[in-house]
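> Dropping a structure here in structure tokens format, bear with me for questions.
The values are calculated or read from the model by the stated rules, or taken from the named source; none is laboratory data. This is a predicted model, so every value here is computed, not measured. Positions of Cβ are generated from backbone atoms using ideal geometry, with glycine treated the same way; all protein chains shown enter the neighbour counts. All accessible areas refer to the heavy atoms of the entire protein, side chains included, with ligands and DNA or RNA removed. Shrake-Rupley method; radii C 1.70, N 1.55, O 1.52, S 1.80 Å.
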Amino acid sequence: MPERTAGTLDRLSEMTRASGTDWALGIEARSRALLTEGEGAEAFYREAIDRLGRARLPMEHGRAQLLYGEWLRRRRRTRDARHQLRSAFETFDSIGAEAFTKRARIELRASGGQARERGVEAADALTAQEALIARLASQGASNPEIAAQLFISRATVAYHLRKVFVKLGVTSRDQLARVLPGWPRATAPTASQR
């Protein structure tokens with residue numbers, strides 16, 4: 001590591017150690033990973049991902065996963081790389097970080113993985129009724145609550161949710177909020193909309 005870079009990293013380390021937060025220490029670990037030659041970088045990448053995940057900073061956590069995934073791919077560890085790159089892609093896609101989403105998609109495809117298009121394109125495939133039910137379910141409403149709010153049967157709610165899951169490529173309600181970011185808050189349709 002060149003002398004100038006080492007000095008900068010030392011100054012960063014002084015500040016992050018004084019702070020002691022997962023965010024600061026995660027940024028330091030990510031920086032150390034980028035500057036460490038060979039296999040020694042892996043421990044720093046893992047520490048960065050762990051700390052930034054606990055800090056609940058999706059952008060920084062996603063960046064650490066992306067960098068680690070790229071590092072793994074360059075070492076021909078494609079299965080491990082795909083896991084990190086897919087997680088980074090989903091994070092960036094869910095928060096609307098388009099440039100990072102594109103970079104993660106390119107890296108994921110280069111590792112042999114597939115990056116499913118989500119967001120607006122997937123949401124456009126839903127009917128108005130499916131979209132409303134999906135949004136209510138993503139906000140934590142149960143099938144009986146959705147049925148009562150929309151004046152439809154529980155079986156109809158379940159039917160529409162099955163179709164939504166297939167169209168969006170998800171398997172649980174928890175995944176809906178990630179796939180449908182930025183949608184306006186759901187409200188029940190008026191009588192003229194039904």
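> Condition test on R32, is it part of a helix (DSSP H, G or I), at pLDDT below 90, among the basic types (K, R) and in contact with a Phe, Trp or Tyr (Cβ under 7 Å, 6 or more places away or on another chain)?
Yes, satisfied.
> Would you call R135 among the charged types (D, E, K, R), open to solvent by 50 Å² or more (accessible area, probe 1.4 Å) and free of Cβ contacts under 8 Å to residues at least 60 places away in the same chain?
Criteria not met by R135.
> Identify, please: which residue in region 101-117 is open to solvent by 50 Å² or more (accessible area, probe 1.4 Å) and not aliphatic (A, V, I, L, M) and is, among those, modelled with the lowest pLDDT?
So, considering only residues that are open to solvent by 50 Å² or more (accessible area, probe 1.4 Å) and not aliphatic (A, V, I, L, M), the one modelled with the lowest pLDDT is E117.
> Could you list, ordered by first residue, the pairs with Cβ atoms under 7 Å in which the first is in region 39-64 and closer than 18 Å to L108 by Cα and open to solvent by 30 Å² or more (accessible area, probe 1.4 Å) and the second is charged (D, E, K, R) and in a helix (DSSP H, G or I), at least 6 apart or interchain?
Between residues of region 39-64 that are closer than 18 Å to L108 by Cα and open to solvent by 30 Å² or more (accessible area, probe 1.4 Å) and residues that are charged (D, E, K, R) and in a helix (DSSP H, G or I), there is no close pair.
> From the list A134, A141, A104, A88, which one is within 25 Å of L168 (Cβ to Cβ), of a type in the set (A, V, I, L, M) and not in a helix (DSSP H, G or I)?
Just a single option satisfies the conditions, and that option is A141.
> Check off (1) closer than 21 Å to T16 by Cβ; (2) surrounded by 16 or more Cβ atoms within 10 Å (Cβ to Cβ); (3) not small (G, A, S) for E70 and give me the number that stays unchecked.
(1)
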